[in-house]
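Structure first, commentary second.
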Amino acid sequence: MSNLLDDILERIEGMSPARLAEVERLAIEGTQGMKWIPSPGPQSDAYFSKADVLLYGGQGGGGKSDLLLGLALTAHKRSLIMRRQYTDLAAITDRAKEIHGTSKGFSGSPPPKLRTDDGRLIDFGAAKDVGDEQHWQGQAHDLLGLDEAVHFAESQVRFLMGWVRSTSPGQGTRVVFATNPPLAEQGDWIIAMFAPWLDPTYPDPAEPGELRWVITDHEGNDKWVDGPGEYLVYDMDGNPVMHEGEQRTVRAMSRTFIPSSVHDNPYLKNTDYVAQLDALPEPLRSAVRDGQFGKVRQDHELQLIPYEWVRAAQERWKPSPPSDAPMCSIGVDVASGGPDQTVLARRHDFWFDELLTEPGVKTPLGTDVAALVIKHRRDSAQVIVDCGGGYGNGPAEHLEINGVPVTRYLGAAETMGRTLQGKIKFANKRTEVYYRLYEALDPSQPGGSNISLPPDPELTSDLCAIRLESDDLKIIRLESKKNLVKRLGRSTDKGDAVAMAWSDGPKRATHHRIWKAYTKPSKSVNMGRVAARRR
């Protein structure tokens with residue numbers, strides 16, 4: 001689209017005055033009555049994009065909020081534009097009235113709304129706490145626009161997307177995420193949702209504005225597919241998912257990312273706003289001015305494991321385990337039904353394999369989890385099962401019946417452990433387990449850290465989400481799991497499984513002599529003097 005606009009602008013510049021006047025007249029007639037017109041460049045590309053789900057922005061000043069309002073006032077009949085908190089809606093509602101040209105039809109009573117004289121409705125909403133988004137259940141909108149989308153929890157976003165629909169003939173629907181890059185773990189979901197554009201490890205990167213197609217299966221997992229159309233759904237074992245006796249199909253939805261910056265905004269590019277962006281402190285400057293998704297992070301003051309430590313461990317990761325280390329342990333975070341997932345973290349000394357996940361609805365029984373562990377266990381690996389909520393007791397019992405050694409992990413249990421250097425007490429076992437992983441990831445230890453973690457954005461988010469309850473170091477205590485789930489809108493299943501896998505089972509420091517026998521090469525055969533001289 002931008003190439004087409006560039007071509008048009010070049011042709012306009014070469015026109016005679018008379019021809020230019022004619023084009024101007026036609027443009028005025030063609031846009032007469034429109035309350036808002038997109039600026040040339042990325043904003044126009046986004047306005048005319050055919051994507052079902054669009055990520056727009058990246059850098060500050062690119063006209064993100066204006067795009068949402070422009071779409072709502074000119075291209076959609078029922079729109080929902082949201083910020084995380086109601087107090088953040090004032091600027092966008094004021095701008096909506098400005099574009100509309102009057103306050104007529106606007107109601108400021110929560111939730112604010114604007115009804116236009118041509119029959120359009122714009123609802124302005126917020127969802128400060130996880131669960132608040134459910135107030136919009138059943139209220140259909142053909143446009144969902146999330147301003148600063150990364151401030152929302154993924155569970156909120158997925159829920160709201162489920163109500164985007166229209167029964168009006170010819171009315172298209174779309175979801176638009178208008179946002180800068182995330183600075184905290186809560187917004188990391190956007191990296192995976194738009195992986196072809198934002199994840200540097202994605203094997204088939206996409207160009208800005210290019211449509212890519214994705215299906216979301218019955219378990220809530222995104223799967224990128226080759227193009228539009230209906231796709232059969234399979235479970236992780238390759239078996240077809242059935243619905244009322246027939247194989248279930250889902251329709252592929254299109255997604256794209258269109259980056260924008262203040263230099264694309266004709267109203268801001270020649271103002272002092274550019275200088276203001278240049279003056280921002282890091283990491284805000286890299287996020288807001290440069291739009292670097294996934295490359296900047298502002299650690300919370302109580303965050304236990306620094307983001308850079310996790311990224312360094314992921315950069316050390318190789319697809320294959322060390323040849324001289326067997327599978328040492330499996331951390332098992334159990335989900336028996338519900339929205340969470342059962343996660344298996346398999347560790348070979350310092351190297352962690354890609355995490356195995358199974359939706360909780362597929363592991364409702366202890367036998368289901370036990371069978372999953374036995375299927376993937378190798379080399380007599382120690383199994384650590386989370387029994388804190390009671391869900392792990394069944395799997396642990398079935399594993400023990402089958403002769404598998406199990407460590408029952410109870411996060412709330414007391415511990416006699418101390419930190420390596422400060423000899424400070426831990427409030428409970430969960431705190432100790434995560435702190436041991438923190439110590440192992442510390443690059444300042446003698447010889448540095450050799451922990452290797454798979455490049456999994458959700459794992460990154462989980463580990464960086466763990467916070468201390470306070471900075472009082474008389475006793476170390478993590479933020480409670482209940483408060484963590486309330487803040488994130490989900491459980492840190494992958495992080496918990498990795499921390500458990502590190503907490504128990506053999507390591508090189510204690511088992512290197514045994515492992516030498518495990519990897520001992522076969523004896524060489526004496527081929528005699530003639531063969532020796534030939535060599």
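Suppose each label sits 7 Å from its Cα in the direction of the beta carbon; what would the residue 88-residue 509 distance come out to in nanometres?
About 4.3 nm, to one decimal.
Treat the count of other C-beta atoms within 10 Å as a stand-in for reagent exposure and order 310, 343, 130, 332 from fewest to most.
The order, fewest Cβ neighbours first, is 130, 310, 343, 332.
Once you place label points 7 Å from the Cα toward the Cβ at residue 401 and residue 375, how far apart are they in nm?
1.9
Quick one: if the Förster radius is 51 Å, what FRET efficiency do residue 412 and residue 139 give, using the C-beta to C-beta distance and rounding to 0.05?
0.80
Semi-axes, largest first, in whole Å: what does sqrt of 5 times each Cα gyration tensor eigenvalue give for segment 307-518?
Result for segment 307-518: semi-axes of 24, 23, 17 Å.
How long is the gain from residue 445 to residue 308 if the chain were fully straight, where each residue apart is worth 0.36 nm and the alpha carbon distance is subtracted?
47.8 nm
Just how many pairs of Lys in segment 307-518 have C-alpha atoms closer than 16 Å, counting pairs that are eight or more places apart or on different chains?
Lysine pairs, 8 or more places apart or on different chains, close enough: 7.
Based on the Cβ-Cβ distance from residue 163 to residue 365, what FRET efficiency comes out when R0 is 45 Å, to the nearest 0.05?
The formula returns an efficiency of 0.85 here.
Output the peptides 134-144, 38-48 sorted from most to least packed, where packing is the average of other Cβ atoms within 10 Å over each peptide's residues.
38-48, 134-144
If R0 is 56 Å, what FRET efficiency do you get for residue 323 and residue 18 from their C-beta distance, rounded to 0.05?
The formula returns an efficiency of 0.10 here.
Sticking with the crude label model, points 7 Å out along Cα→Cβ, report the distance from residue 99 to residue 249 in nm, one decimal please.
3.7
Which order results if 512, 76 are arranged by neighbouring Cβ count within 10 Å, fewest first?
512, 76
Using Cα centres only, tell me the gap between segment 305-346 and segment 162-213 in whole Å.
Between the Cα centre of segment 305-346 and that of segment 162-213, the gap is 26 Å.
Using the 10 angstrom Cβ neighbour count as an exposure proxy, how do 486, 423, 507 rank, fewest first?
Ordered from fewest to most neighbouring Cβ atoms within 10 Å, 486, 423, 507 come out as 423, 486, 507.
Would you kindly derive the ³J(HN,Hα) couplings of segment 163-168 from the backbone phi angles with the Karplus curve 6.51 cos²θ - 1.76 cosθ + 1.60 (θ = phi - 60°), listing them in order in whole Hz, with x for Gly and Pro?
10, 8, 6, 8, 9, 6
We did not get these values from a lab; they are worked out from the coordinates using the rules stated. Values in this document were obtained by computation on a predicted structure and should not be read as measured data. Every residue, glycine among them, receives a Cβ derived from its backbone with ideal geometry; neighbour counts consider all protein chains shown.
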